[in-house]
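A.B. asks: Questions regarding the structure given below will be posed in turn.
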Amino acid sequence: MPINNLGKKHITATQITDFDKALADLLAIATNITTNLTDEERSRFGSINEKNKLFVNGVLDYATTQPDLKSPDVDWTEFQADYDDRKFADTRADKIENLLRMITDFKIVHDYDNYQDSLTDYDYTKYKASTSASGYTEKQAYLRQFFPNTGGSNTPPSV
């Protein structure tokens with residue numbers, strides 16, 4: 001017997017409204033502060049790797065601890081602002097990735113529950129169709145299309 005009802009926590013209408021409002025607020029803020037890069041620009045500018053992040057951190061450390069060694073050709077106010085923005089984006093991206101994982105896991109358990117219950121309903125439909133109960137033959141014929149012929153077995157494929 002399959003495990004059913006993994007997703008015992010269900011979202012309420014109020015939670016959906018609150019979630020959607022928070023997302024809309026975040027999207028509005030992000031729209032005002034971000035640059036929409038083309039695919040070519042994304043490829044050209046890319047992202048600095050970990051070694052280069054350490055390089056940037058080292059330059060900032062020297063600029064902070066030994067300001068007399070700073071290049072006069074760098075706008076250090078802009079450098080610091082870019083650094084702070086990058087740090088902000090990096091930490092928020094981690095949180096958003098965690099949120100995405102949580103929402104995806106939420107969806108997976110509810111998808112699994114729906115599928116298992118649908119299989120149970122299909123088995124019941126097949127049983128009722130075998131008794132010639134009204135409507136079940138048509139329902140079975142409709143649902144059968146989702147299970148390709150697997151060599152004569154009437155057992156639906158597993159998830």
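The values are calculated or read from the model by the stated rules, or taken from the named source; none is laboratory data. Quick caveat: nothing in here was measured; it's all calculated off a predicted structure. Glycine also receives a Cβ, built like all others from the backbone with ideal geometry; neighbour counts cover every protein chain displayed.
A.B. asks: Consider Phe79 carefully, then state whether it is surrounded by 10 or more Cβ atoms within 10 Å (Cβ to Cβ), over 31 Å from the mean Cα position of the chain (by Cα), closer than 23 Å to Asn32 by Cα and without any contact (Cβ under 8 Å) to a residue 24 or more places away in the chain.
C.D. replies: yes
A.B. asks: Further question on the same structure: Can you say whether Asp94 is acidic (Asp, Glu) and under 20 Å from the mean Cα position of the chain (by Cα), as far as the supplied structure shows?
C.D. replies: Values: acidic (Asp, Glu): yes; under 20 Å from the mean Cα position of the chain (by Cα): yes.
In short, yes.
A.B. asks: Which is small (Gly, Ala, Ser) and within 30 Å of the chain's Cα centre (by Cα), of Ala141, Ala89?
C.D. replies: That would be Ala89, the only listed residue that is small (Gly, Ala, Ser) and within 30 Å of the chain's Cα centre (by Cα).
A.B. asks: Please specify each residue of region 26-41 satisfying the condition of being in a helix (DSSP H, G or I) and either of a type in the set (Val, Ile, Thr) or over 17 Å from Asp90 (Cβ atoms) (or both).
C.D. replies: Those that are in a helix (DSSP H, G or I) and either of a type in the set (Val, Ile, Thr) or over 17 Å from Asp90 (Cβ atoms) (or both): Leu27, Ala28, Ile29, Thr31, Asn32, Ile33, Asp39, Glu40, Glu41.
A.B. asks: To continue, here is another question. Can you work out which of the residues in region 47-76 that are of a type in the set (Lys, Arg) and part of a helix (DSSP H, G or I) is farthest from the chain's Cα centre (by Cα)? Break it down into steps so the answer makes sense when it comes.
C.D. replies: Residues of region 47-76 that are of a type in the set (Lys, Arg), as a first pass: 51, 53, 70.
Narrowing further to those that are part of a helix (DSSP H, G or I): 51, 53.
Values: Lys51: 28, Lys53: 26 Å.
Checking each candidate, the answer is Lys51.
A.B. asks: Can you tell me which of (1) among the β-branched types (Val, Ile, Thr); (2) modelled with pLDDT of 95 or more; (3) in contact with a helix residue (DSSP H, G or I) (Cβ under 8 Å, 6 or more places away or on another chain) is the one Thr77 doesn't meet?
C.D. replies: Only one criterion in (1) among the β-branched types (Val, Ile, Thr); (2) modelled with pLDDT of 95 or more; (3) in contact with a helix residue (DSSP H, G or I) (Cβ under 8 Å, 6 or more places away or on another chain) is unmet by Thr77, namely (3).
A.B. asks: Enumerate the pairs (first residue in region 137-148 and among the aromatic types (Phe, Trp, Tyr); second residue anywhere and not in a helix (DSSP H, G or I)) with beta-carbon separation below 6 Å, excluding pairs fewer than 6 apart on the same chain, so at least 6 apart or on different chains.
C.D. replies: So the pair list comes out as Phe147/Pro156.
A.B. asks: Which condition does Tyr127 not pass, out of (1) of a type outside the set (Asp, Glu); (2) at pLDDT below 95; (3) assigned to a helix (DSSP H, G or I), if it passes all the others?
C.D. replies: Every listed condition holds for Tyr127 apart from (2).
A.B. asks: Which condition number in (1) over 23 Å from the mean Cα position of the chain (by Cα); (2) in contact (Cβ under 8 Å) with a residue 24 or more places away in the chain; (3) within 30 Å of Asn5 (Cα to Cα) is the one that Asp121 fails?
C.D. replies: With (1) over 23 Å from the mean Cα position of the chain (by Cα); (2) in contact (Cβ under 8 Å) with a residue 24 or more places away in the chain; (3) within 30 Å of Asn5 (Cα to Cα) applied to Asp121, the lone miss is (2).
A.B. asks: Only one residue in Lys139, Lys87 is surrounded by 13 or more Cβ atoms within 10 Å (Cβ to Cβ), of a type in the set (D, E, K, R), part of a helix (DSSP H, G or I) and out of contact with any Pro (no Cβ under 8 Å at 6 or more places or on another chain), so which one is that?
C.D. replies: Matching residue, one of Lys139, Lys87: Lys139.
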